[in-house]
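Before any comments, here is the structure.
The values are calculated or read from the model by the stated rules, or taken from the named source; none is laboratory data. This structure is a prediction, so every number in the text was calculated from the model and none was measured. Cβ atoms come from the backbone with ideal geometry, glycine included; neighbour counts cover every protein chain shown.
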Amino acid sequence: MNETTAVEEISLRKEIANGSESAFEKLFRLYYSSLTGYAFNILKDRDLAEGTAQEVFVKFWEKRSEISIEQSLKAYLFRAVFNKCMNLKKHDEVKKSYQTEKLATADQYSDSSLTQWELQEKIELAIQQLPEQCQKIFRLCKIDGMKYKEIADELGISIKTVENQMGKALKILRKSLAGLLAFILYILIFYDN
């Protein structure tokens with residue numbers, strides 16, 4: 001049976017709605033191949049196309065008594081396959097977009113980590129170029145987090161000397177690290193003495 005007449009289709013729908021497995025099998029044999037081919041044209045994947053056609057038939061059987069078909073049964077099944085294919089394609093696009101975004105984020109993270117590492121290296125080299133006392137005071141303040149008074153007490157110098165040495169260190173570092181916005185942010189964020 002290649003095509004059904006309108007009368008045969010109405011009869012087939014009634015039988016299926018009443019739970020006739022033989023009528024459902026007849027419907028399956030009638031349209032499965034063409035629905036699979038239709039799905040394949042959209043999805044370009046044989047297994048996915050077969051699975052899509054099968055899912056449409058399973059769902060049709062499960063909801064057989066609830067479904068109200070206003071067009072032909074054939075048109076209903078083709079529309080159901082089309083909708084299922086479009087949902088699969090949309091889901092696939094979302095998945096690909098997510099994976100692309102995830103890869104881009106991972107690349108960006110590794111790039112920023114590399115940049116951060118390089119920045120830390122440049123800052124460390126610049127600190128090493130400071131005069132000895134200036135370097136010591138800068139490290140105690142910015143790396144060890146000590147207050148000016150604590151540094152003055154530890155080194156046995158005045159708070160004013162600590163302030164002058166920090167000012168000198170920052171001036172030298174600004175020159176040697178010119179253009180490094182991160183350094184400026186570092187100083188702004190941590191320069192709270």
Checklist line | Lone unmet requirement of (1) of a type in the set (A, V, I, L, M); (2) in contact with a Leu (Cβ under 8 Å, 6 or more places away or on another chain); (3) in a helix (DSSP H, G or I); (4) at pLDDT 80 or above for Leu119 | finding: (4)
Notebook entry, point to check: Across region 47-73, which residue is surrounded by the fewest Cβ atoms within 10 Å (Cβ to Cβ) among those that are among the small types (Gly, Ala, Ser) and outside any helix (DSSP H, G or I)?
Noted result: Ser68
Check: What residue, among those in region 74-91 that are touching a residue at least 24 places away in the same chain (Cβ under 8 Å) and among the basic types (Lys, Arg), is surrounded by the fewest Cβ atoms within 10 Å (Cβ to Cβ)?
Finding: Lys89
Next item on the list: Just one of (1) loosely packed, with under 13 Cβ neighbours inside 10 Å; (2) at pLDDT 90 or above; (3) polar (S, T, N, Q) trips up Ser110, so point out which.
Entry: (2)
